[in-house]
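The values are calculated or read from the model by the stated rules, or taken from the named source; none is laboratory data. Here the structure is a predicted model, which means the values were calculated and not measured. Cβ atoms come from the backbone with ideal geometry, glycine included; neighbour counts cover every protein chain shown. Note: areas computed on protein heavy atoms with side chains; ligands, DNA, RNA excluded. Shrake-Rupley method; radii C 1.70, N 1.55, O 1.52, S 1.80 Å.
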Amino acid sequence: MTIETSDDCDAALARLAALGNAPTEGAAQDEFLAISAAMLAYETRNHPAFSQGGQDDP
């Protein structure tokens with residue numbers, strides 16, 4: 001799964017809410033983990049601290 005846009009991120013949040021608390025087994029757990037990983041990748045790609053030319057760059 002890949003999240004490319006803020007709309008994708010909103011849809012992923014809605015799906016996580018539908019899944020409820022972190023499932024502990026089966027397909028729901030796999031989906032929860034895939035969505036969580038995709039959201040982390042999306043947020044990391046788009047976070048200003050991780051972009052080129054950030055404030056902390058020498």
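Remarks
- By average C-beta atoms within 10 angstrom, highest first, the peptides 20-28, 38-46: 38-46, 20-28
- Portion, in percent, of the accessible area of the chain that falls on carbon or sulfur, probe 1.4 Å: 53 percent
- 12 Å cut-off, amide nitrogen to a point 7 angstrom out along Glu43 Cα→Cβ, residues in segment 1-35: 13
- A 1.4 Å probe run over the protein chains yields, for the chain, 75 Å² of accessible area per residue, whole-number rounding.
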